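Asks: This structure is in C-alpha cells; I'll ask about it shortly.
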There are 2 protein chains.
Amino acid sequence: MSALRPPFAERLGEAMERKRSRLVVGIDPVLERLPAALRALPPERALAAFAEEICDAVAEHAVAVKPQAAFFERYGARGWSAFEHAVRAAAQRGLLVIADAKRGDIGSTAAAYADAFLGDDPETCAPFIDALTVNPYLGLDALEPFAERARTGGRGLFVLARTSNPGSRDFQERSSAGEPLYLAVARAVAVWSRPWVGPSGYGPVGLVAGATFPAELPLLREAAPQAILLLPGIGAQGGRIDGVRAAFDEAGKGAVVASSREIIYAYERAAGGAAESSWQAAVRSAARATKDAIEAAL
Amino acid sequence: MSALRPPFAERLGEAMERKRSRLVVGIDPVLERLPAALRALPPERALAAFAEEICDAVAEHAVAVKPQAAFFERYGARGWSAFEHAVRAAAQRGLLVIADAKRGDIGSTAAAYADAFLGDDPETCAPFIDALTVNPYLGLDALEPFAERARTGGRGLFVLARTSNPGSRDFQERSSAGEPLYLAVARAVAVWSRPWVGPSGYGPVGLVAGATFPAELPLLREAAPQAILLLPGIGAQGGRIDGVRAAFDEAGKGAVVASSREIIYAYERAAGGAAESSWQAAVRSAARATKDAIEAAL
C-alpha cells in the first residue's frame, strides 16, 4: 500500500483543492457528552460508533480528521479497538487521518511508535493513518525514525512547535540569542527536512502552531516555508478564524485549521436541545460553517 | 484503592530499603529477540508471557519495572492487552510499575492520558500503575492534570529533563541567561511541585536524567533536591554505573537506575547460546549483577 502512496503533502493539497476546504475535524470523544443513544452502549462501542458517525457527517467538508489517541486510551485495550475502528472508518470515507498522539521517544522506542502509527502491519490500523503529531523535546535524532517512515511511506508528521495552551509560554518562549524555542524548533526542523520537499513545495514534516498566538504565525511561516502548518486552538480555546491568514502561503495553501469540540459537540448548542435524531445534522452543519468561515478569512 | 495508597516517593523509598536495590528494569519487548518458545505464540501472547516471566525473574532484585508502551502499541489493541497483562503481572509480584509512555498534551486531553495511566477505572490497568513518564515541552499547565492524579492517588511522575540520546543536545542544551533548557525544566518543575513533598523529603514529581551525561547529574540533583531522579542510559547506550553516584543524596536515596536490554535480553550473551530452558536464569542473574554493581558504586 505505502509504496504506491503519493507523498502526504501532495495528497493533502489535492484534497484541499477538491473539497475547497482547509478544515481538519478533531475527534475527541468524551462519553458523558455523546448523544444519549450512544451513551447506552459499552464505552468502546459508543466511541467507535460516535467516531464513525462524525466521519460520515464531516466527510464532505473536511479534508482530514484528527482522532485524539488520549480519549481512546482512556479505556485501555478496548479503547484502542475503538481508535482502530475510527481510523478505518475515516479512511473508508476518503478522509485523510492525522493521528493526534504527540509521541516522542528515542532510538528503537521511537521506531516502535513509528511502526504503531505509520507502519504497514495489516493487523493494525497503521496502514490507514496518513500523519502523526510528534514532540520535539528529545531532539532530531529522536524524530528520525518517524521521518523515515513518513518519507518512505507517503505519510506526514506534525512536530509540535508552538502549542495553543497558555502554559506553552513556560518553555517554548524561552529565548536564546534572541530566538524563542518554538522558532528554533521550527527552523531546525525546516533545515533537517528540506531534502524531502515534494513537487507542491511542501515536505512530509509539518509543524503544529496554535491559532491562539496569531502574531507568531507569520514568524513560523517564514522560519519553515516548506512545512505544512496544523493550526489548533480556534473556538473553545480562544483562537479566531480571521487570525490564521498569515499561516497560509500566497496561494492559500500550506496550512490546515483544526477544530474539534465546536464541531463534534455542535448538537449541545442547538436551541432547547436538539432532537437526538438530528445530532448528526448539527455536526454536519457546524463543519460546513467552520469550513466556510476559514475560506472567507483568506 | 488509591485513597489508601501512601505517596509514591514513600513507597519507592520503602522498596529500596527492603530490597537493598536501586534498580528499575525496563521491559522493552521486541518479538524477534524473544526466546524461541515464545516467538511461536501470537504476538500479544508472546509479549504478555515474556513480560510476566521477566517480572518473575527480576522481582527479588528490582524495586520497579518500567514497561515501555511503544513496544506494545506496536501491535495495536492486541498489544495494549499485553501491556495491561504486564502491568498486572508486575503488581501481583510486588513490583512497582513505572509506565514509560512519555505522554504530553493539554487540558482535557492531558486529563484523559492521566486517566489512562494513573486513573482508577478497574476495567483498565491504570489502578496498578504507580508512576508515569511525561514530556514537559507543552508547559506546566499541561503537566497539572497528571500531577493532580499523582498527588491525590499516591502515584508519581517522571518529567523528562535530560534524555539519554545524543540528539538531546539539540534543544535541551539551548541556553538562556546562562542556563540550559534541561536545567530550567528541572528548576521550574521543582518550584511547582514543592508543596507536595512528603515525609521522605521527596515529592510525587521526579525527573528523567540520562546516565549518559554524568557531569550533569549533580546540577540536576541541586536544581531539584526533592525530585526522585530516574536514570536511564547505562549499558547499551554508553552510560557507566560508576557515573551515577552524584544523582543520589547523601543517604544514597532519591534516585533509581533503569536498565532494559542488558537485563531482559541477557540470555543472548550466554556463551554458545543459552539453553532455552535457562533464559530466565540469565535474566535473573543479570538483574542481580546490575543491582550489585549499582550498590557498589555508591
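The values are calculated or read from the model by the stated rules, or taken from the named source; none is laboratory data. In this text the structure is predicted, and so the values were computed from the model without any measurement. Neighbour counts are summed over all protein chains in view; Cβ atoms, including those assigned to glycine, are modelled from backbone coordinates with ideal geometry. Keep in mind that these areas ignore ligands, DNA and RNA; they rest on the heavy atoms of the full protein, side chains included. Shrake-Rupley method; radii C 1.70, N 1.55, O 1.52, S 1.80 Å.
Asks: Under a point spin-label approximation (7 Å from Cα along Cα-to-Cβ), what is the B:Glu60-B:Ser278 distance to one decimal in nm?
Replies: So the label points at B:Glu60 and B:Ser278 sit 1.6 nm apart.
Asks: Once both axes come from the Cα atoms, what is the angle between helix A:181-193 and the longest principal axis of chain A, in degrees from 0 to 90, rounded to 10?
Replies: Roughly 80 degrees, rounded to the nearest 10.
Asks: How many angstrom separate the Cα center of region A:55-106 from the Cα center of region A:216-272?
Replies: Using only Cα atoms, the two centres lie 19 Å from each other.
Asks: In addition: Would you mind working out the magnitude of the charge dipole of region B:8-297 relative to its Cα centre, with +1 at each Lys and Arg C-beta and -1 at each Asp and Glu C-beta, to the nearest 20 Debye?
Replies: Dipole about the Cα centre, nearest 20: 460 debye.
Asks: Among B:Leu217, B:Val134, B:Pro199, whose Cα projects farthest towards the positive end of the dipole of region B:8-297, with charges put on the beta-carbon of Lys, Arg (+1) and Asp, Glu (-1)?
Replies: Value: B:Leu217.
Asks: Putting +1 on Lys and Arg Cβ atoms and -1 on Asp and Glu Cβ atoms, find which of A:Ala258, A:Ala281, A:Val244 reaches farthest to the positive end of the dipole of region A:209-298.
Replies: A:Ala281
Asks: Only Lys, Arg, Asp and Glu count, each charged at its Cβ (+1, +1, -1, -1), so figure out the dipole size of the protein assembly as shown about its Cα centre, rounded to 20 debye.
Replies: About 240 debye.
Asks: Which parts of region A:72-91, residue by residue, lose 20 Å² or more of accessible area when the rest of the protein chains are there, as against the chain isolated (1.4 Å probe)?
Replies: A:Glu73, A:Arg74, A:Gly76, A:Ala77, A:Arg78, A:Trp80, A:Glu84
Asks: Can you list, shortest first and in nm, the gaps between the label point of B:Trp192 and those of its counterparts in the other copies, using a point 7 Å from Cα in the C-beta direction?
Replies: Distances between equivalent label points, in nm: 2.3.
Asks: Measuring from a point 7 Å out along Cα→Cβ, what nm distances, shortest first, does B:Gly252 have to its partners in the other copies?
Replies: 7.0
Asks: Between B:Glu173 and B:Leu298, with labels modelled 7 Å along Cα→Cβ, what's the label distance in nm to one decimal, could you check?
Replies: Between B:Glu173 and B:Leu298, the label points sit 3.1 nm apart.
Asks: In vacuum, with every alpha carbon of chain A counted as one equal point scatterer, what does the Debye formula give for log10 I(q)/I(0) at q = 0.15 Å⁻¹? Two decimals, please.
Replies: Rounded to two decimals, the profile gives -1.17.
Asks: Sticking with this structure for a sec: At a Förster distance of 30 Å, what's the computed FRET efficiency of B:Glu17 paired with B:Asp141, Cβ-Cβ distance as r, to 0.05?
Replies: 0.25
Asks: Let me ask you something else. Take the alpha carbon atoms of the protein assembly as shown, find their radius of gyration, then divide it by 2.2 N^0.38 Å using N residues; give the quotient.
Replies: 0.94
Asks: If I build a Gaussian network model for chain A, linking alpha-carbon pairs within less than 10 angstrom, which residue out of A:Arg162, A:Arg288, A:Arg174 has the largest mean-square fluctuation?
Replies: With Cα springs under 10 Å in chain A, the top fluctuation among A:Arg162, A:Arg288, A:Arg174 is at A:Arg174.
Asks: Would you please report the Å³ per residue occupied by the convex hull of the alpha carbon atoms in region B:48-197?
Replies: Hull volume normalised by residue count: 136 Å³.
Asks: Per residue, what accessible area does region A:8-297 have, given a 1.4 Å probe and all protein chains present, in Å²?
Replies: 33
Asks: Still on this model: Taking springs between alpha-carbon atoms closer than 10 angstrom, which of B:Gln280, B:Gln68, B:Gln237 fluctuates most in the Gaussian network model of chain B?
Replies: In this elastic network of chain B, the residue with the biggest mean-square fluctuation among B:Gln280, B:Gln68, B:Gln237 is B:Gln237.
Asks: Let me ask another. If I compute solvent accessible area with a 1.4 Å probe over the protein chains, what percent of it on region A:107-227 is carbon and sulfur?
Replies: Carbon-and-sulfur percentage of accessible area, whole number: 57.
Asks: For labels at B:Glu32 and A:Asp249 in the simple 7 Å Cα→Cβ model, what's the distance in nm?
Replies: About 3.8 nm separates the two model spin labels.
Asks: Next up: Can you tell me the equivalent ellipsoid semi-axes for region A:1-117? Use √(5λ) from the Cα gyration tensor, largest first, whole Å.
Replies: The answer is 24, 21, 11 Å, longest axis first.
Asks: Follow-up. List, in the order given, every pair from A:Lys19/A:Lys291; A:Lys66/B:Lys66; A:Lys253/A:Lys291; B:Lys102/B:Lys291 whose Cα-Cα distance in the structure shown is over 19 Å.
Replies: Where the Cα-Cα span goes over 19 Å, the pairs concerned are A:Lys66/B:Lys66; B:Lys102/B:Lys291.
Asks: Using a Gaussian network model on chain B with a 10 Å cutoff between Cα atoms, which of B:Pro136, B:Pro43, B:Pro127 fluctuates the most?
Replies: B:Pro43
Asks: While we're here: With +1 on the Cβ of every Lys and Arg and -1 on the Cβ of every Asp and Glu, and nothing else charged, how large is the dipole of region A:180-250 about its Cα centre, in debye rounded to the nearest 20?
Replies: Approximately 120 debye in magnitude.
Asks: Also: Distances in nm, one decimal, shortest first, from A:Pro218 to the same residue in every other copy, taking the label point 7 angstrom along Cα→Cβ.
Replies: Result, one decimal in nm: 4.9.
Asks: Taking the dipole about the Cα centre of region A:32-156, with the C-beta of Lys and Arg at +1 and of Asp and Glu at -1, give me whichever of A:Pro145, A:Trp80, A:Ala37 is farthest to the positive side.
Replies: A:Ala37
Asks: Answer rounded, prolate or oblate for region A:143-242, using the Cα gyration tensor with square roots of eigenvalues a ≥ b ≥ c: rounded when a/c is under 1.5, else prolate when a/b is larger than b/c, else oblate.
Replies: The shape class here is prolate.
Asks: Also, quick follow-up: Rounded to the nearest 500, what is the 222 nm mean residue ellipticity of the protein assembly as shown from helices alone, with -39500 (n - 2.57) per DSSP H run of 4+ residues and division by all residues?
Replies: -12500 deg cm²/dmol
Asks: Need one number: buried accessible surface between chains B and A, 1.4 Å probe, both sides summed, DNA, RNA and ligands left out, in Å² to 100.
Replies: Chains B and A together bury roughly 4900 Å² of accessible area.
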